[in-house]
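The values are calculated or read from the model by the stated rules, or taken from the named source; none is laboratory data. Source: prediction; values computed, not measured. When we count neighbours, we look across all protein chains shown, and the Cβ atoms used for this are built from the backbone with ideal geometry, even at glycine.
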Amino acid sequence: MAKINIMGVKSGSKDYQVHVVLTEEIEIEGETVDNPIGEAFIPIAHGTSEVDIKDKILDAANKIMDKHKDSINKRADIETIDFPEIT
């Protein structure tokens with residue numbers, strides 16, 4: 001399960017940009033840590049409703065998760081390749 005983190009907001013004259021980072025908890029040496037799995041910068045026009053903002057953030061988070069799932073599959077494929085020893 002991933003967590004949506006709002007890392008920052010930059011405001012411009014006509015719109016603003018929300019920096020979203022998706023993280024998942026992993027265990028490293030017995031300690032649980034947040035591991036970033038992807039990020040997005042979402043442009044939002046001033047005056048956008050809260051519901052529409054939430055929808056844009058959720059859409060971006062789902063796209064990040066889809067790419068993350070794809071990268072896990074690619075990693076599994078790459079790990080099956082036999083590499084020679086480097087000396």
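Of all residues in the range 33-55, those being of a type outside the set (A, V, I, L, M) and under 17 Å from N5 (Cα atoms) number 10. Can you find a residue in the range 24-40 that is charged (D, E, K, R), exposed (fewer than 11 other Cβ atoms within 10 Å of the Cβ) and outside any strand (DSSP E or B)? The answer is yes; a qualifying residue exists. Taking only the range 41-70 into account, find how many residues are polar (S, T, N, Q) and surrounded by 13 or more Cβ atoms within 10 Å (Cβ to Cβ). Final tally of qualifying residues: 1. Among all positions in the range 71-78, there is no residue which is surrounded by 11 or more Cβ atoms within 10 Å (Cβ to Cβ) and either at pLDDT 95 or above or of a type in the set (D, E) (or both).
Tell me whether the range 71-79 contains one or more residues that are small (G, A, S) and under 14 Å from the mean Cα position of the chain (by Cα). Yes, the conditions are met somewhere in the range 71-79.
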